[in-house]
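Inspection log for the structure reproduced underneath, given as structure tokens.
The values are calculated or read from the model by the stated rules, or taken from the named source; none is laboratory data. Just so it is clear, the model here is predicted, and its values are computed rather than measured. Here the Cβ positions follow ideal geometry from the backbone for every residue, glycine too, while neighbour counts run over all protein chains shown.
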Amino acid sequence: MKTSIDINCDVGESYGKNTSQYDKDIMPYISSCNIACGFHSGDPLTIERTIKLALKHNVKIGAHPSFPDLQGFGRRVMNIPSEELRAIVRYQIAALKGMVKALGGKLHHIKPHGALYNLAAKDEKTAEAIVKAIVSIDDGLILYGLSGSLIEGICNKYDLQYAHEAFADRNYEEDGSLRSRQLKNAVIHDEKAVVRQVKMMIEQGKVIAYTGEAISLKVDTICIHSDTKDAAQLAAGIHKVLKH
């Protein structure tokens, strides 16, 4: 099965001397990455090292902004006024964009993280705050968002390019949302199951929900998480399938 589908991964989610080995292992098998901006994980040194690693492997670089939630790894919803949220997101994107430029690269896209990502998929005010922050910095950037979600319409409103994202290693609910990590079996660890799900997404534009229903979805980019068990092995398996 030959395809040019983008495979992305959330990276840079560690600190300084404890930079994750996962990033180094998975980078050869992906085509774009989303680098933590320091608000849910990461620090300046980790960000710089991760940018250099991505440039070395010719991987497109994106910013991965989140709610300011280090303690909760950005996975807790925070009630923040739109003006403040827009500034929070703008700050993170601007920092990543500047560091990427300083190291000889170019920022390619934005992918919100965790609770911010999921809230923006269904809440108009959150989605608009994010999109406004992005276009104020660079309206040539691409927003990676959940396939078929509300934020796509906000991107269209502001003429911002949108990439429909699907998840290789996550289970879906019947409404097309991701199964909460607080619930059992939110993450898929079995390599064969992950590859099977990816093949269905690409070949049929569908995914089987946790409850058994077949859901239709658009797919421009597929995410695999670097902190999923055996993530590099999963990424290598997906990479192999896509090349044959």
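The table for this structure:
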item	result
Test: Ala133 is in contact (Cβ under 8 Å) with a residue 12 or more places away in the chain, within 16 Å of the chain's Cα centre (by Cα), surrounded by 19 or more Cβ atoms within 10 Å (Cβ to Cβ) and closer than 23 Å to Ile61 by Cα	no
Hey, Gly153 under 15 Å from the mean Cα position of the chain (by Cα) and at pLDDT 95 or above or not	no
Unique residue being surrounded by fewer than 20 Cβ atoms within 10 Å (Cβ to Cβ) and either touching a helix residue (DSSP H, G or I) at 6+ places or on another chain (Cβ under 7 Å) or under 22 Å from Cys223 (Cα atoms) (or both) when the list is Gly176, Gly74, Gly114, Gly145	Gly176
Verdict on Gln21 being surrounded by fewer than 18 Cβ atoms within 10 Å (Cβ to Cβ) and of a type in the set (S, T, N, Q)	yes
First in the range 141-152 and within 13 Å of Thr126 (Cβ to Cβ) and in contact (Cβ under 8 Å) with a residue 12 or more places away in the chain, second anywhere and of a type in the set (Val, Ile, Thr) and outside any strand (DSSP E or B), Cβ under 6 Å, 6 or more apart	Gly145/Ile151
Residues that are over 19 Å from the mean Cα position of the chain (by Cα) and under 25 Å from Gly72 (Cβ atoms), drawn from the range 183-209	Leu183, Lys184, Asn185
The range 194-214 residues that are under 17 Å from Gly148 (Cβ atoms), paired with ones that are of a type outside the set (Lys, Arg) and assigned to a helix (DSSP H, G or I) (beta carbon under 6 Å, 6 or more apart)	Lys206/Met200; Val207/Met201
Single unsatisfied condition, Glu124 versus (1) surrounded by 16 or more Cβ atoms within 10 Å (Cβ to Cβ); (2) under 23 Å from Gly176 (Cα atoms)	(1)
Residue ID - modelled with the highest pLDDT, chosen from residues in the range 188-235 that are closer than 19 Å to Asp25 by Cβ, surrounded by fewer than 17 Cβ atoms within 10 Å (Cβ to Cβ) and not charged (D, E, K, R)	His189
Test: residue in the range 70-77 that is within 15 Å of the chain's Cα centre (by Cα), without any contact (Cβ under 8 Å) to a residue 40 or more places away in the chain, assigned to a loop (DSSP other than H, G, I, E, B) and under 26 Å from Ser177 (Cβ atoms)	no
Residue in the range 53-71 that is surrounded by the most Cβ atoms within 10 Å (Cβ to Cβ), counting only those that are out of contact with any helix residue (DSSP H, G or I) (no Cβ under 6 Å at 6 or more places or on another chain) and either modelled with pLDDT under 95 or closer than 15 Å to Ser14 by Cα (or both)	His64
